[in-house]
Structures are given as C-alpha cells and as structure tokens.
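The values are calculated or read from the model by the stated rules, or taken from the named source; none is laboratory data. The shown structure was predicted, so the numbers you read here are calculated from the model rather than taken from an experiment. Note that each Cβ is placed from the backbone with ideal geometry, even for glycine, and that neighbours are counted across all protein chains shown.
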Amino acid sequence: MLTSSHSDEKLHEPQEPCASVFEAGFERLRTTLGFKNQKELADILEIRQSSISDAKRRDVIPADWAIKLLRKERVNPHWIYVGLHPMRIGDQECDPGSGFCAGQSSFLQKYATQALTIVVMQDASMEPAIPRDSHVGINTDDREIVSGVLYGVRLPYEGSTVRRILADDGRKATLRADNPSIPAVTLTHSKLESIIQGRAVWIKTCP
C-alpha cells in the first residue's frame, strides 16, 4: 500500500508486466497521436530524434514525455505506462477487454490536466513502499497536510521526490522516508509550504 491512510487504497491500479517498456509505450502513443515514426513523435515532443533512440536503448518512456503530453495533448499517463483507459484525460470511452468505462470510474478524470505532475523515484529512499524508478502521480491542487500521507516535495540537492509527512503540534512537521537509513527532517509549517508540491494520488512500478 502506498500510504498508511485507508482513504488512499485507490492509489494501486492493476499493473501490467513491463516486458518492454519503450515498445509498449511507443505503440500506445502511436495509437493515441497517430504519428508514423520516431521523427514525427520527436516533432510532437519538440525534442531531437536521437533522444527517442536513446530512450529505446534504455527501454524507458521518460517522465518528462508523459508530463508534456499530458499538458499538451491530454494523454493519460496511466495509458502510456500500463495501458489503463482512457487514452486521454476526459475522454468518454470504454476498455472493451475489461468492461472498464472511463466515464464512470476513472479516478484520474477528476484531476485538472494542469494539476497532475509526475515524480520519478530515482533512489531507494521510499522502498519498499515505492521501488526505485517508480512513477508517482502528484495532485498539485491538493496541498493540505494529512499526517501519515505521502506528498511530492522538492528537496535541496535531491530535486523532486516523495516523502511521508507527519504533522505534530500544528507548528512543525516531519518529512520521513520509508527507508530507515534515510534520516527524518523536521520543518516548520512555513518552510514545508515552500517545498511541498502536492499529494501522491497514483503509483506505477515495474517489477
């Protein structure tokens, strides 16, 4: 479970095996955007074609691609990474294989497109709850502190990452990594306000 809060059990969606992350994601993007080759995708992403070749070599769909396509084309990050419908946020479509109807039950649709951002866990600080290289969706519209819940934060020397926030007397809060080797940090609420990005709402991991 991503957090200790019962209300956040919805964070876990059915996962697909990541046999080939790049090829699966590339084909889903081709289906959604209609491009014919790597060059046309590079034009859509406004990057060099060599960047796509590099992503293929590393077998990844970079998080910055997902963020740009979410904001620019409303492409659903969960569709890119695990094939969860709808293809685009806000589309009223059904997954014929599972009977899943986006218009009825996709929790991603309640987040404004510009409110969703993605944090890639580049270290093991939140293991075992969030393995290294996981993608975590952050709702930047929800910055209200609930003790024990996971939030995206921007830390000095680390950049964007995820921490569990433990509130105490209303004046201070503790940022805690689930990995016990990482020391906890206590901050005033004013300092916390300056680094918090939003509440974690979904996670995608590859075994």
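Data overview
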{"item": "Meets criteria (over 25 Å from W79 (Cβ atoms), of a type in the set (S, T, N, Q) and at pLDDT 85 or above) for T174", "result": "yes"}
{"item": "Flag if G83 is outside the structural domain of I195 (by TED's automatic domain parsing) and at pLDDT below 75", "result": "no"}
{"item": "Selection count, segment 170-186, where residues are under 25 Å from the mean Cα position of the chain (by Cα) and surrounded by 13 or more Cβ atoms within 10 Å (Cβ to Cβ)", "result": "9"}
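Condition check ((1) more than 15 Å from the chain's Cα centre (by Cα); (2) of a type outside the set (S, T, N, Q); (3) closer than 25 Å to R74 by Cβ) across all residues:
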{"residue": "A115", "(1), (2), (3)": "no, yes, yes"}
{"residue": "I118", "(1), (2), (3)": "no, yes, yes"}
{"residue": "P128", "(1), (2), (3)": "yes, yes, no"}
{"residue": "S134", "(1), (2), (3)": "no, no, yes"}
{"residue": "T140", "(1), (2), (3)": "no, no, yes"}
{"residue": "R143", "(1), (2), (3)": "yes, yes, yes"}
{"residue": "V146", "(1), (2), (3)": "yes, yes, no"}
{"residue": "G152", "(1), (2), (3)": "no, yes, yes"}
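Condition check ((1) surrounded by fewer than 16 Cβ atoms within 10 Å (Cβ to Cβ); (2) among the polar types (S, T, N, Q); (3) modelled with pLDDT of 90 or more) across all residues:
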position: L2; (1), (2), (3): no, no, no
position: T32; (1), (2), (3): no, yes, yes
position: N37; (1), (2), (3): yes, yes, yes
position: L41; (1), (2), (3): no, no, yes
position: L45; (1), (2), (3): no, no, yes
position: S50; (1), (2), (3): yes, yes, yes
position: P77; (1), (2), (3): no, no, no
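Yes or no, residue by residue, for (1) in a loop (DSSP other than H, G, I, E, B); (2) under 27 Å from D59 (Cα atoms); (3) assigned by TED's automatic domain parsing to the domain that holds G83:
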site	(1), (2), (3)
R132	yes, yes, no
D141	yes, no, no
E144	yes, no, no
R154	no, yes, no
T161	no, yes, no
R164	no, no, no
T174	no, no, no
P180	yes, no, no
G198	no, no, no
